[in-house]
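Coordinate-derived values only; no laboratory data. From a predicted model like this one, the values you see are computed outputs, not experimental measurements. All Cβ positions, glycine included, derive from the backbone under ideal geometry; neighbour counts span all protein chains shown.
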Amino acid sequence: MNLFADALAWLTDPANWTGPFGIPTLTLAHLTYTLLALVLACAVAAPAGWAIGHTGHGRSFAVALAGAARALPSLGLLAFLVLVLGVGLKEVATVVVLVLLAIPPILAGAYAGIDAIPRGTLDSARGVGMTGWQRLWRVEVPLGLPLLLGGVRGASLQVVSTVMIAAFIGLPNLGTYLIAGQRLGDYARMLAGAILVAALALVLDGVLAVAQRLAVPRGVRMATAAVPA
Amino acid sequence: MRWALDNLGLLGQLTIAHARLAIVPVAVALLLALPLGALAHRVPPLRGTLLGLAGLLYTIPSLALFVLLPPMLGIPYLSDLNVIIALTLYALALLVRTVTEALESVPPDAVASARAIGYNGTSIFLAVQLPLAGPVLLAGLRVATVSTVSMVTVGALIGVSSLGSLFTDGLQRRIVPEVLTGVVLTALLALLLDVLLQLAGRVLMPWLRAERAVATA
Amino acid sequence: MTRTTPRRLTRGLTLAASGLAVLALAACSSGDPLDAGSADETPLSPSGETAATGDASGQTVVVGSQDYYSNEIVAEIYAQALEQAGWTVERQFRIGQREAYIPAIENGEVQVFPEYTGNLLQYFDPDTTATKAADVEAALAGVLPDGLAVLDPSPATDQDSYNVTSAFAQEHSLTSIADLAGVDVPLILGGQPELAERPYGPTGLESVYGVTVQFSPTGDTTVDELVAGSVNIANVYSADPRIASEDLVTLEDPEGLFLASNVVPLVQADLADALGEVLNPVSAALTPEGLVALNVESVDQQRSAADIAADWLSANGFAG
C-alpha cells in the first residue's frame, strides 16, 4: 500500500529522528508520562487491592468505584483540570487523568490475584502459624502478583493511547504527529505516529508479559507444570 | 448549572448523537463476536490467533484509527461512519475475548449432558452454552459499553459531534460548566446503559436471581 | 485560545497564476460578487426559478460550520438571515476541518459555509504568495474548483497574528514583528502543532524578518501559555477576545508574512447569486470590531450562537 510506503519513508527519514520534535524525543516524552502514571497508579491501587483481597471487605465499593472511573471520559477530565488548575499545572492535570485511568484495572488485578489463591493454601499458611501480615506478604502478594501484573498490562495499553490527547493541550508526545499530520493533510506522518504509538504499546506489553511470567513463583510453576501431565 | 439549563436543546441533541455512536458499535460488535468467539472456543488452534489479533487491535490508539480509517477505507470525513467502524473494532476486540472466556466458563458436564439427551451442536450452543455463559458475557458487555461511551468523546477531536464536543468547545471558550456538564452527562449515559444491561440480564437470566436467593438463604 | 480548525494544505491545486489573479482583481474592482459564477449573468437557482428578489420560499439549503465557536456564530447569522428571507435552512454545525467539509460542499451535502479568504486560499494553493486582502481574494477566485464560489468578503477578519504580552512589548519596545530581531532574550513561539511547518511559522519568521525562534506546540492553550510566560510570542487569531481581555499586543506585519483572511461565505456555485442577495449585505455589515464583539459574547457571556446571532441581526437592521 502506498500510504504504508509513505509512512515507512517518513519513519526512516533521518530528519525526523533529530530535534525537539524528533522521534526519539517525543517517544521518550510519551514513555515518561506512561511510566509515571503507571507507577503512581500502582502505588495507590495495589495496596488498596491487596487490602480488599486480604480482608474481603470493600469489594463492592471497589467495583462500583472502578466502574465509575471507567465511565469518566479522559478528554473531558483533562479539559476540566486544565481550565481549573491553569496551564502552569497541565503536566499535573495530565498525570492525574492518566492515573485515574490506570487505577481500575490495577485495583481489580490486585484483589483478583488474592481471590484466585486456593482456599487450602491460605488455610495451610494459617495452620503453620503465619500472622495476617505474614500471610499477606509471603503468600497472598507473591501468589497474586501475576494477576496484578495482568492488570498493569491492561492499564498500560490504555495509558499509552490516552497520553496522545495531552498533545492537544500542548504537551508534545507521539500524539503530536497525529494532530499536526491531520491538520497538514500529511497522512504519512499520521500513520507513522500511529505505528510508533502501537509499537510502544506492544513493547511495553511484551516487557510486562515477561515480568508476569517471571512473577509466577517457582513452586507454583513446578506445580502447574506437573498438573496437566 | 445555569449554563446547562440555558443549553438544554444542544445537550439533548448531543446526548442522542452520543448514545447512537456508542450503542451501534457495541451491538454490531456483539453480533460479530458471538460466532468468532464460538469459533475460537471450538477450534483451539484459532483461539490464539483470534485473541492475539484482538489484543493487537487494542494497541492502536482510538484517535489514530479515527483519523486513518477515512483515507484507508475511502469514507467521507463528514460521515461519522469512521468513528462507528473504529469503535466497533475496539468493542469487537474486547467481546471476542469475552465470548471465548464465557464459553470456557460453561461446565463441560452441562454440555456433555445436553449431548447425551440428544441435543445437536447448534441447539447446544443456543440452549445450553449461551445461557450458561450469560453472566460472564454480560460482565464483558458492560465493560465494552461503558468504555465505548467514554471513547466516543475522542471523536470530538476530529469533529464528530457527541458530548465530547462540549470538551473542545468548552476549552476553546474557557467555559468550565460546559466541560463539566459534558463529563457528567457522559458518565450518566454510561451508567444508564450499564443499568439497562443489568436489567436486561435479570430479565433474560431469571435463574441468577433464584440462585443468589438460595445462596443467601 | 486559537482556532483549532485545521487547514489542509496538500490539495495539489496549484493554480495561483498571477495573470488570473490580476484579471479577477480587475473584474471585481467594481465590487461585484467575487464568485466563480459571476461571469454567468443570469441568477439561477437549482430549480430554475429566479431568486433575484431573495425570496426563496420553499428552497432548502444546508449551512455548515467549523468546529470553532466564532465560525459557528457566523454560520448561525447566515442561517437566520436566510430563514428570514424565506429559505428553509438545515444546520450541519461543528463539522470540523476543511478536509471534511470542502468535499461535502463540492458534492452538494452542504451549500453554505463561513470561510476565511486567506486560509481557504492556502488550502487550495499551499504555495500561494498572496498576502494582502485584495491579492488573496483575487487569487482565491482563481483556485476555487468548479461548483464552488465565494460571495462578497466581509471587512471582518480572523487571521493568524503574532502577539506578545504588553509587559514584554514595553520591555523590548516592540510594535512590529521586525522589532523582534533586536530582542536579546531567547524567543519562544507558541501555537498549534502544525505551525512548525506553516510558511508563516518559524521558517518564515527567519527568512522574512530574520527572527530566530524556538517553537513550542502549545495547542489550544496558547494564550494561557503566553500569559503564564512559558512562551513569549503566541500565534493567535486576530478576532480572539482574549487579545483584548489579556491586554496582548498584536505585532504589526509590515512584510506581509500572514495572509489576510476575511470572513466570506463559501457557497455552492449555482446558488451564488440567490444566496448573495441575502448574505452580501450581512457580510458588509460585519466589521472587524463586530466580529470580536460576537466572540466576546460567546466567551465572556457564554451565550449560545443562536442567541448571539439573533441579537446581532436585529441590531444591524436585518430583523424580520
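What translational diffusion coefficient, to the nearest whole µm²/s, does the stretch C:160-250 have by Stokes-Einstein, given a Kirkwood radius computed over alpha-carbon pairs, a temperature of 10 °C and 1.306 mPa s viscosity? Here the translational diffusion coefficient equals 124 µm²/s.
Distance from the C-alpha centroid of the stretch B:159-177 to that of the stretch A:37-67: 32 Å, rounded to the whole angstrom.
Evaluate peptide B:52-62: per residue, the Cβ atoms of other protein chains within 10 Å of its Cβ; return the mean as an integer.
Values: counts 0, 0, 0, 4, 4, 1, 7, 13, 6, 17, 4.
Mean partner shielding for this stretch: 5.
Need the C-alpha centroid separation for the stretch C:108-154 versus the stretch A:164-193, integer Å. Using only Cα atoms to place each centre, the spacing works out to 26 Å.
Largest first and in whole Å, give the semi-axes of the stretch C:106-190's equivalent ellipsoid, each being the square root of 5 times a Cα gyration tensor eigenvalue.
Numbers: eigenvalues 256, 35, 28 Å².
After scaling each eigenvalue by five and taking roots: 36, 13, 12 Å.
A cut-off of 5 Å between modelled amide H atoms, ignoring neighbours fewer than 5 places along the same chain, links C:ILE188 with C:GLN214, C:ASN232, C:ILE233. Build a GNM of chain B with springs between Cα atoms under 10 Å: which of B:LEU11, B:LEU166, B:LEU73 gets the top mean-square fluctuation? In this elastic network of chain B, the residue with the biggest mean-square fluctuation among B:LEU11, B:LEU166, B:LEU73 is B:LEU73.
If the viscosity is 1.567 mPa s and the temperature 4 °C, what Stokes-Einstein diffusion coefficient in µm²/s follows for the stretch B:2-216 when Rh is the Kirkwood radius over Cα pairs? Before the final figure, lay out each step's value.
Values: Rh = 19.1 Å.
Calculated translational D: 68 µm²/s.
Over all residues in B:161-167, what is the mean tally of Cβ atoms on other chains that come within 10 Å of each residue's Cβ?
On the way: counts 6, 1, 2, 4, 4, 3, 10.
Mean shielding count: 4.
Grouping the Cα pair distances of the stretch B:23-114 into 10 Å bins from zero gives a pair-distance distribution of 17, 40, 27, 11, 4, 0 percent in increasing distance order. Looking at the protein assembly as shown, what % of its DSSP beta bridges pair antiparallel, to the nearest 5? Antiparallel: roughly 55 percent of the beta bridges in the protein assembly as shown. Note on chain B: with a GNM built from Cα contacts shorter than 10 Å, the maximum mean-square fluctuation among B:PHE66, B:PHE167, B:PHE125 falls on B:PHE125. When a/c is below 1.5 the answer is rounded, else prolate if a/b is larger than b/c, else oblate, so apply that to the stretch B:110-213 with a ≥ b ≥ c taken from the square roots of the Cα gyration tensor eigenvalues. Here the stretch B:110-213 falls in the prolate category.
Computed from the C-alpha gyration tensor, the three semi-axes of the ellipsoid equivalent to chain A are 40, 22, 13 Å, from longest to shortest.
What does the average come to when, for each residue of peptide C:186-197, you count the partner chain Cβ atoms lying within 10 Å of its Cβ? It would help to have the intermediate numbers written out before the result.
Details: counts 0, 0, 0, 0, 1, 1, 5, 15, 9, 2, 6, 5.
For peptide C:186-197, the averaged partner shielding equals 4.
Starting from the coordinates of the alpha-carbon atoms of the protein assembly as shown, obtain the Kirkwood hydrodynamic radius over all distinct pairs and give the value in Å to one decimal. Before the final figure, lay out the partial values.
Details: mean 1/r = 0.0350 Å⁻¹.
Hydrodynamic radius (Kirkwood, Cα only) of the protein assembly as shown equals 28.6 Å.
Checking the a/c ratio against 1.5 first, then a/b against b/c, what shape does the Cα gyration tensor give for the stretch C:252-292? Judged from the Cα gyration tensor, the stretch C:252-292 comes out oblate (a/c at least 1.5, b/c at or above a/b). Mean residue ellipticity at 222 nm, helices only, the protein assembly as shown: -20000 deg cm²/dmol; runs of at least 4 DSSP H residues each add -39,500 (n - 2.57), and the sum is divided by the number of residues.
The convex hull drawn around the Cα atoms of the stretch B:64-173, when projected onto a plane and averaged over every direction, covers 8.8 nm².
Going by average Cβ neighbours within 10 Å, how do the peptides A:172-183, B:110-121 rank, with the highest at the top? Provide the component values of the computation, followed by the final result.
Numbers: A:172-183: 26.3, B:110-121: 11.8.
So the peptides A:172-183, B:110-121, ranked by packing, come out A:172-183, B:110-121.
Distance from the C-alpha centroid of the stretch C:248-311 to that of the stretch B:114-145: 60 Å, rounded to the whole angstrom.
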